[in-house]
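Notes follow the structure.
Rule-based calculations on the coordinates, nothing more; no lab input. In this text the structure is predicted, and so the values were computed from the model without any measurement. We place every Cβ from the backbone using ideal geometry, glycine too, and count neighbours over all the protein chains shown.
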Amino acid sequence: QVQLVESGGGLVQAGGSLRLSCAASGRTFSLNIMGWFRQDTGKEREFVAGTFWSSAYTSYADSVKGRFTISRDNAKNTVNLQMASLKPEDTAVYYCAGGSGWNLRDASAYVSWGQGTQVTVSS
């Protein structure tokens, strides 16, 4: 099994920045992809960003492209999400996910999920 633990959420003003981190432990060798999803109250969970452990390829939702950056540290088994120019509509619980699939944007490709970290952007 794989355990994922997110950190770095909080309250920030619009235009500000936050950095989320996800620490993976356990059978991490079984993971091919890592991603970030978010879910706001009353809304469906949506893809934010994703990457492969073995490739520099990344994918972003259109709503965050140019503002968010996903990165990974293979030696430390961590995946980070640097968020800049935050907007009130970025407010949500952010989840780190890991999977053995190939489609970064598809939640069903992920099998391991963290408990989530709250990000609140005030206007």
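Straight-line cross-link partners of Lys87 among the lysines, defined as a Cα under 25 Å from its Cα and at least 8 positions apart when in the same chain: Lys43, Lys65. Amide H contacts for Thr91 (H built 1.01 Å from N in the peptide plane; partners 5 or more residues away or on another chain; cut-off under 5 Å): Val121. Taking the Cα centre of the range 57-123 as reference, the dipole from Cβ charges on Lys and Arg (+1) and Asp and Glu (-1) amounts to some 140 debye.
Each peptide in 60-70, 76-86 was scored by the mean count of other Cβ atoms within 10 Å over its residues; highest first, the order is 76-86, 60-70.
So if I place +1 on the C-beta of Lys and Arg and -1 on the C-beta of Asp and Glu, and nothing else carries charge, what would the dipole magnitude of the chain be about its Cα centre? I want it in debye, nearest 20.
Working: 11 positive and 9 negative charges, 46 e Å.
It works out to roughly 220 debye.
Expressed to the nearest 5 percent, the antiparallel share of DSSP beta bridges inside the chain is 90 percent. Note on Thr41 and Arg19: the extension gain reaches 5.8 nm, defined as 0.36 nm multiplied by sequence separation minus the Cα-Cα distance.
Paramagnetic label reach from Glu89 (point 7 Å along Cα→Cβ; backbone nitrogen cut-off under 20 Å): within the range 27-45, residues 36-45.
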